[in-house]
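Student: Submitted below is the structure of interest, expressed as structure tokens.
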Amino acid sequence: MDLSVVIPIYNEAENIAALHQEVTGALADLGLDYEIIYVDDGSADQSFTLLEAIAKDDPHAVVVRFRRNFGQTAAMSAGFDHSRGHIVVTMDGDLQNDPRDIPKLLAKLNEGYDIAAGWRFDRQDAFITRKLPSQLANRLISRITKVHLHDYGCTLKAFRREVVENIRLYGEMHRFIPAIASGVGARIAEVAVNHRPRVAGKSKYGLGRTVRVVLDLITVKFLLTYSTRPIQIFGLWGLITGGLGFLLACCYAFQRLFLGVPLGNKPGLLLAVFLMFVGVQLITLGLLGELQVRTYYETQAKPTYLVRQVLNRPPVPGGD
Ligand code: UDP
Ligand code: MG
């Protein structure tokens with residue numbers, strides 16, 4: 001199989017017929033062996049019935065139905081798990097992404113990239129509630145993850161199979177797939193894509209998403225930089241705070257013991273004790289983290305590195 005298109009669907013009944021027609025139209029001319037995987041994320045409307053009818057008529061359609069609403073990230077993850085294509089494309093099920101952009105993404109992958117990410121350069125959504133927070137979030141994500149894209153939130157993306165097989169998604173992490181994938185050494189390119197206003201159905205998100213994205217960003221940053229060496233981040237801060245507290249405490253001890261200064265009216269003493277406590281706690285946290293890291297990698301028999309190629313050695317089972 002050449003291509004799998006993964007589409008999360010949550011209460012999109014009004015869009016499904018047109019969606020299937022558009023995607024099929026865009027893929028038919030490419031001459032590829034393809035499948036379209038619809039993941040029904042616990043829709044409460046007619047979405048599943050409509051998808052069922054499509055699956056009956058069209059052998060290219062695969063439908064995965066969730067038992068309840070698990071969220072867009074989980075739906076995309078399930079799509080990856082059920083996909084068989086060498087290339088996996090993800091897109092929204094509300095017709096805001098244009099399936100006619102898929103060939104552009106595939107061309108980028110043919111240039112040797114592992115991920116081609118869509119950039120909605122002319123995004124058709126409300127300014128205050130959607131575009132502005134998204135612009136700020138995009139800048140923040142770009143600075144922090146050091147994977148520089150204009151638009152992380154665009155679902156229209158194409159991946160090589162190895163990429164989707166090597167990553168696990170939690171929370172609201174689908175927008176961080178490029179950042180997580182850069183952690184496994186993926187080469188990423190950006191492609192300007194068309195974006196259309198939503199004409200049917202309702203958006204599933206509001207402003208609250210921004211907060212969740214920022215929290216997930218903290219997790220991603222940690223996983224990318226310190227997940228194999230937590231003591232180096234917690235331990236460092238522990239040494240700094242603990243050290244400061246200790247110095248301060250020494251000053252007070254010196255004043256009390258040798259200069260006879262009474263300490264009763266010195267609030268800084270409390271600060272010194274507090275800093276020393278925090279320092280010890282942070283170092284302990286780092287040590288616990290080190291234990292966790294070992295459990296994490298060794299229970300999954302996961303190496304702490306990823307190999308792209310080995311020359312002059314026969315491939316080992318499980319490697320490429
Ligand atoms: N979606 C989903 N599960 C959810 C929320 C959304 O599968 O819990 C799907 C939704 O059906 C759509 C896509 O994710 O295909 C993007 O959702 P939406 O259009 O509401 O997001 P926006 O484009 O407004 O960011
Ligand atoms: Mg949308």
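The values are calculated or read from the model by the stated rules, or taken from the named source; none is laboratory data. Please read these numbers as outputs of a predicted model, since none were measured by experiment. Counting neighbours? That spans all protein chains shown, and the Cβs are built from the backbone with ideal geometry, glycine included. For accessibility, only protein heavy atoms count, side chains too; no ligands or nucleic acids. Shrake-Rupley method; radii C 1.70, N 1.55, O 1.52, S 1.80 Å.
Student: What residue, of VAL184, VAL193, VAL199, is within 30 Å of GLY112 (Cβ to Cβ), in contact with a Leu (Cβ under 9 Å, 6 or more places away or on another chain) and within 15 Å of ligand 1 (Cβ to nearest atom)?
Tutor: VAL193
Student: A further question on this structure: Go through the range 7-26 residue by residue and tally those that are within 19 Å of LEU105 (Cβ to Cβ) and surrounded by fewer than 21 Cβ atoms within 10 Å (Cβ to Cβ).
Tutor: Number satisfying all stated conditions: 4.
Student: (1) in a helix (DSSP H, G or I); (2) more than 26 Å from ARG209 (Cβ to Cβ); (3) among the small types (Gly, Ala, Ser); (4) open to solvent by less than 40 Å² (accessible area, probe 1.4 Å): which one isn't true of SER4, the others all being true?
Tutor: SER4 satisfies every listed condition except (1).
Student: Taking the options TYR34, TYR38, name whichever one is open to solvent by 10 Å² or more (accessible area, probe 1.4 Å) and within 10 Å of VAL5 (Cα to Cα).
Tutor: Selected residue: TYR34, the only one of TYR34, TYR38 that is open to solvent by 10 Å² or more (accessible area, probe 1.4 Å) and within 10 Å of VAL5 (Cα to Cα).
Student: Same structure again: Please enumerate the residues belonging to the range 157-185 that are at pLDDT 90 or above, over 14 Å from the mean Cα position of the chain (by Cα) and not in a helix (DSSP H, G or I).
Tutor: ALA158, ARG160
Student: I'm trying to understand the selection: among the residues of the range 129-180, which are in contact with a helix residue (DSSP H, G or I) (Cβ under 9 Å, 6 or more places away or on another chain), of a type in the set (S, T, N, Q) and either open to solvent by less than 10 Å² (accessible area, probe 1.4 Å) or more than 16 Å from ligand 2 (Cβ to nearest atom) (or both)?
Tutor: THR145, THR155, ASN166
Student: Give the residue that is farthest from the chain's Cα centre (by Cα), with candidates limited to residues of the range 199-242 that are of a type in the set (Ser, Thr, Tyr) and in a helix (DSSP H, G or I).
Tutor: Filtering the range 199-242 for residues that are of a type in the set (Ser, Thr, Tyr) and in a helix (DSSP H, G or I), the one farthest from the chain's Cα centre (by Cα) comes out as THR241.
Student: Please state which of the following conditions LEU105 fails to meet, knowing it meets all the rest: (1) within 15 Å of ligand 1 (Cβ to nearest atom); (2) aliphatic (A, V, I, L, M); (3) crowded, with 22+ Cβ neighbours inside 10 Å; (4) closer than 15 Å to VAL23 by Cβ.
Tutor: Going through (1) within 15 Å of ligand 1 (Cβ to nearest atom); (2) aliphatic (A, V, I, L, M); (3) crowded, with 22+ Cβ neighbours inside 10 Å; (4) closer than 15 Å to VAL23 by Cβ one by one, LEU105 breaks only (1).
Student: Pairs needed: first member in the range 208-221, within 16 Å of ligand 1 (Cβ to nearest atom); second member anywhere, among the aromatic types (Phe, Trp, Tyr) and modelled with pLDDT of 90 or more; C-beta distance under 7 Å; at least 6 residues apart or different chains.
Tutor: ASP216/PHE176
Student: Does LEU223 satisfy the criteria of being open to solvent by 90 Å² or more (accessible area, probe 1.4 Å), at pLDDT 95 or above and within 27 Å of GLY185 (Cβ to Cβ)?
Tutor: Against the criterion (open to solvent by 90 Å² or more (accessible area, probe 1.4 Å), at pLDDT 95 or above and within 27 Å of GLY185 (Cβ to Cβ)), LEU223 does not qualify.
Student: Can you report the number of residues in the range 270-305 which are touching a helix residue (DSSP H, G or I) at 6+ places or on another chain (Cβ under 9 Å), at pLDDT below 90 and open to solvent by 70 Å² or more (accessible area, probe 1.4 Å)?
Tutor: Total satisfying the criteria: 2.
Student: Scanning for something outside any loop (DSSP other than H, G, I, E, B), crowded, with 22+ Cβ neighbours inside 10 Å and within 16 Å of ligand 2 (Cβ to nearest atom), does the range 49-66 turn up at least one residue?
Tutor: Checked the range 49-66: no residue is outside any loop (DSSP other than H, G, I, E, B), crowded, with 22+ Cβ neighbours inside 10 Å and within 16 Å of ligand 2 (Cβ to nearest atom).
Student: Let me ask something additional. Surrounded by fewer than 16 Cβ atoms within 10 Å (Cβ to Cβ) and within 16 Å of ligand 2 (Cβ to nearest atom): does that describe SER203?
Tutor: yes
Student: (1) open to solvent by 100 Å² or more (accessible area, probe 1.4 Å); (2) touching a Phe, Trp or Tyr at 6+ places or on another chain (Cβ under 9 Å): which one isn't true of TRP237, the others all being true?
Tutor: Here TRP237 meets the rest and fails (2).
Student: Sticking with this structure for a sec: Sort out which residues of the range 81-119 are part of a strand (DSSP E or B), within 16 Å of ligand 2 (Cβ to nearest atom) and touching a Leu at 6+ places or on another chain (Cβ under 6 Å), and write them in order of number.
Tutor: Listed by number, the residues that qualify are ASN97, GLY118.
Student: Output the number of residues of the range 306-320 satisfying the condition of being at pLDDT 80 or above and exposed (fewer than 10 other Cβ atoms within 10 Å of the Cβ).
Tutor: Residues that pass the stated criteria total 3.
Student: I'm checking my understanding of the structure. Among residues of the range 67-102 that are among the small types (Gly, Ala, Ser) and within 18 Å of VAL164 (Cβ to Cβ), which one is surrounded by the most Cβ atoms within 10 Å (Cβ to Cβ)?
Tutor: Top of the filtered list is ALA75.
Student: So for the range 27-38 (the condition being within 16 Å of ligand 2 (Cβ to nearest atom), modelled with pLDDT of 95 or more and under 18 Å from GLY201 (Cβ atoms)), does at least one residue qualify?
Tutor: yes
Student: For the range 185-200, which positions are away from ligand 2 (no atom under 16 Å from the Cβ), over 17 Å from THR155 (Cα atoms) and either open to solvent by 50 Å² or more (accessible area, probe 1.4 Å) or not hydrophobic (A, V, I, L, M, F, W, C) (or both)?
Tutor: GLY185, ARG187
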